[in-house]
Every structure is written in structure tokens, then in C-alpha cells.
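Enquirer: Before I ask anything, let me first share the structure, which is written out below as C-alpha cells.
The values are calculated or read from the model by the stated rules, or taken from the named source; none is laboratory data. Nothing here was measured: the structure is a model prediction, and the numbers come from that model. In this analysis, Cβ positions are derived from the backbone assuming ideal geometry, glycine residues included, and neighbour counts consider all displayed protein chains.
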Amino acid sequence: MPKTPAITVHDALPMRDRVVLITGGAQGVGRGIAQAVLGAGGSVMIGDLDVDAGHACLQEWQVGHRAAFHKLDVAREASVRRWVDAALARFGHIDGLVNNAGIANPHQGPLHELSLETWNRYLGTNLTGAFLCSKHALPSLATARGAIVNIASTRALQSEPDTEAYAASKGGLVALTHAMAVSAGPAVRVNAILPGWITTDAWQKPQARQHPKLHRRDHAQHPAGRVGSPEDIGALAVYLLGQQSSFVTGQHFVVDGGMTIKMQYV
Ligand SMILES: NC(=O)c1ccc[n+]([C@@H]2O[C@H](COP(=O)([O-])OP(=O)(O)OC[C@H]3O[C@@H](n4cnc5c(N)ncnc54)[C@H](O)[C@@H]3O)[C@@H](O)[C@H]2O)c1
């Protein structure tokens, strides 16, 4: 079983005394963001459907009172309300929210076979989930003059065939980002990150963890020379959550090793 990279501690600790809520924070990109916040001196409340994964994070991180886990289904409003209340009860304030939880598989099959149920499941988790978490965290975020970061995808901008539900959910997230930035400002800033190919095999719960199965050509096709990692997303999330980005809101940032700027004719 591969080891998930450990928390990298930043000297400047830009997130010191800040509390960040991260949906889907127990595995994959969300875990990478959680570790980046912890490494920058902050505290995290991770919410995830997968309870085993949440408990594994707390056990492996060993950061004491700076990390908490509460079961969360972002698609259910009652669950979101309980999660936000649990964070407030535990930490007393909320300075950041990362809407990361999502059904990450973009392929749903041909449009003429796409069921309304599948469409609603994608939209319910990937888009409505971000709305619900933002809605319930907003009063506390406003008090703290905090920030929201939405994790969308480069698929908000470009597509492969048979990915309508996923692409629509991520495009909706980009629009939700600028809409909320205008409504919630100046108290709360809202930005989005659009990851490209991020390899998450080593960032799953221990029993599901694997060595990434990547070929040389997978790395080589990226202008940056490699496939991305959750740490790449975590680094930008910390910037967007912190005071250094106080003049940045309503924006979306592509983090894809340059894949979307490549012209393709073949
Ligand atoms: N990995 C990539 O290449 C990539 C690229 C672009 C965007 N993204 C986006 O990043 C986010 C995370 O993706 P990932 O690759 O880390 O996925 P992942 O499957 O590795 O992790 C997702 C986590 O979210 C949790 N989750 C799923 N549904 C949930 C729900 N309803 N409520 C609460 N938690 C829930 C899962 O249990 C899991 O722990 C997603 O929004 C995905 O669309 C990923």
C-alpha cells in the first residue's frame, strides 16, 4: 500500500487561527486541500459521506484539536445544517468553506440514454451541494470576513463526448461562483479552482489506496511535464482562502499543467 504524502508545514503559517470547512475532505483532492490548510497552520472540519475515510484522516494526521470530522451528505440540506452546526460547536467560528465534494467520474454514457435520475444525482451533489453548504455557512463566514472556494473542473470549459451531466454541474459551479461573489461581497469572497487531471489513488482511505498507474505519455502530454496532485490544488486553495488574496473574488483559476491551452488538431 502506498503512503499518502505527509502534511508539509509552511514557515509563514498563513492560515493560523483560521477554521476551514472542506466537503469531501476525507479523500482525494479534498484531503489534499485539508492537509494544505493544516500545513499552513489552520484548523479543518472535514465532511464526507465516507466515515471510514474521515476517521482514517484524523488517525493519520495526529494534529489533535486542529482537525475534526463529521459525516456529511452535501445533497441533503438537513445533513449540511448538522455539519455546519457541528463545526461551530467545535471551533466557534468559520473562516473558510471549500465546496469540493463531488461525483468525480465525468462519464455518464450517451445523452439519449442518460436518465433523469443520473442527471439529478450529478447536479444534486456537484452543484446543489455547493449551494447548500454556502447557504448555511454564509452567516458565519460573513462575521469572520471569510472566503469560499469552489472546486469545479476544466470540464466547465471543454468536453469529451458523453459527459453532459458532469460538465453542466461544473459549468454551473463557475456561474454560482461569480453570482455568490457579487451577492456575498464585500464580507465574503468567492472563487473557483478548475483542476485538470489530478491523480488521487494514493489519497484514498487506507484500504482503497493504490500506487498511481500512470504512463510516461500521461505526464508528457502536459506542458508542465506531469499529471497533477491534490497538493497542487491545496496550494492555490490556501492562497484563495487567505488574506493575501483579499483583492481576488468571483474568479476561476485553471490548474491543469497547461492541458487546456494546447491546440489540438488530431
Ligand atoms: N481528480 C481529478 O482529476 C479532478 C479533476 C477535476 C475536478 N475534480 C473535482 O474535485 C473534487 C474531488 O474529486 P476527487 O477526484 O478527489 O474525488 P474522490 O472520489 O477521490 O473524492 C471525493 C470525496 O468526496 C466524497 N463525497 C462524494 N459524494 C459526497 C457527498 N454527497 N457528500 C459528502 N461527501 C461526498 C467521497 O466520499 C470522497 O471522499 C470533485 O468535485 C471533482 O469533480 C477532480
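Enquirer: Among (1) surrounded by 20 or more Cβ atoms within 10 Å (Cβ to Cβ); (2) more than 10 Å from the ligand (Cβ to nearest atom); (3) farther than 19 Å from Gln204 by Cβ, where does His65 come up short?
Expert: That leaves (1) as the condition not met.
Enquirer: If you go through segment 85-92 one residue at a time, do you hit one that is touching a Gly at 6+ places or on another chain (Cβ under 9 Å), more than 9 Å from the ligand (Cβ to nearest atom) and farther than 16 Å from Gly146 by Cβ? Give the derivation first.
Expert: The first filter runs over segment 85-92 and keeps only residues touching a Gly at 6+ places or on another chain (Cβ under 9 Å), leaving 86-87.
With the extra rule that they be more than 9 Å from the ligand (Cβ to nearest atom), the set shrinks to 86-87.
With the extra rule that they be farther than 16 Å from Gly146 by Cβ, the set shrinks to 86.
Checked segment 85-92: at least one residue is touching a Gly at 6+ places or on another chain (Cβ under 9 Å), more than 9 Å from the ligand (Cβ to nearest atom) and farther than 16 Å from Gly146 by Cβ.
Enquirer: Still on this structure: Of the residues Arg82, Arg16, only one is assigned to a loop (DSSP other than H, G, I, E, B) and either in contact (Cβ under 8 Å) with a residue 12 or more places away in the chain or among the small types (Gly, Ala, Ser) (or both); which?
Expert: Working: Arg82 fails: assigned to a loop (DSSP other than H, G, I, E, B).
Only one candidate passes the filter, namely Arg16.
Enquirer: Inside segment 136-157, can you point out the residues that are away from the ligand (no atom under 12 Å from the Cβ) and in contact (Cβ under 8 Å) with a residue 12 or more places away in the chain?
Expert: His136, Ala137, Leu138, Ser140, Leu141, Ala142, Thr143, Ala144, Arg145, Gly146, Ala147, Ile148
Enquirer: Let me ask you something else. What helices (runs of 4 or more DSSP H) completely inside segment 88-200 contain at least 2 residues that are within 20 Å of Leu240 (Cα to Cα)? Step through it out loud before you land on a result.
Expert: Numbers: elements: 116-123, 129-144, 164-184.
Helices (runs of 4 or more DSSP H) meeting the threshold: 129-144, 164-184.
Enquirer: Continuing with this model, one more query. Collect the residues in segment 210-238 that are surrounded by 17 or more Cβ atoms within 10 Å (Cβ to Cβ) and of a type outside the set (Gly, Ala, Ser), keeping them in residue-number order.
Expert: Residues satisfying the conditions are His222, Val227, Pro230, Glu231, Asp232, Ile233, Leu236, Val238.
Enquirer: Let me ask you something else. Under 6 Å between Cβ atoms, which residue pairs at least 6 apart in sequence (or on different chains) link something in segment 41-61 that is modelled with pLDDT of 95 or more with a partner that is among the charged types (D, E, K, R) and within 14 Å of the ligand (Cβ to nearest atom)?
Expert: That search, which allows pairs on different chains as well, returns Leu49/Asp73; Val51/Lys71; Asp52/Lys205; Ala53/Lys205; Gly54/Asp48; Ala56/Lys205.
Enquirer: Restricting attention to segment 193-213, report how many residues are under 18 Å from Val149 (Cβ atoms) and in contact with a strand residue (DSSP E or B) (Cβ under 9 Å, 6 or more places away or on another chain).
Expert: Of the residues in that region, 5 qualify.
Enquirer: Return yes or no: is Ala12 more than 9 Å from the ligand (Cβ to nearest atom), of a type outside the set (D, E, K, R) and either surrounded by fewer than 24 Cβ atoms within 10 Å (Cβ to Cβ) or within 30 Å of Asp162 (Cα to Cα) (or both)? Before you say what the answer is, go through the steps one by one.
Expert: Working: more than 9 Å from the ligand (Cβ to nearest atom): yes; of a type outside the set (D, E, K, R): yes; either surrounded by fewer than 24 Cβ atoms within 10 Å (Cβ to Cβ) or within 30 Å of Asp162 (Cα to Cα) (or both): yes.
Yes, satisfied.
Enquirer: Separate question: Please identify the pairs in which a residue from segment 225-238 that is without any contact (Cβ under 8 Å) to a residue 12 or more places away in the chain and part of a helix (DSSP H, G or I) has its Cβ atom under 9 Å from the Cβ atom of a residue that is surrounded by fewer than 22 Cβ atoms within 10 Å (Cβ to Cβ) and not basic (Lys, Arg), counting only partners at least 6 apart or on another chain.
Expert: none
Enquirer: Does His211 count as free of Cβ contacts under 8 Å to residues at least 60 places away in the same chain and either in a loop (DSSP other than H, G, I, E, B) or in contact with a Lys or Arg (Cβ under 9 Å, 6 or more places away or on another chain) (or both)?
Expert: no
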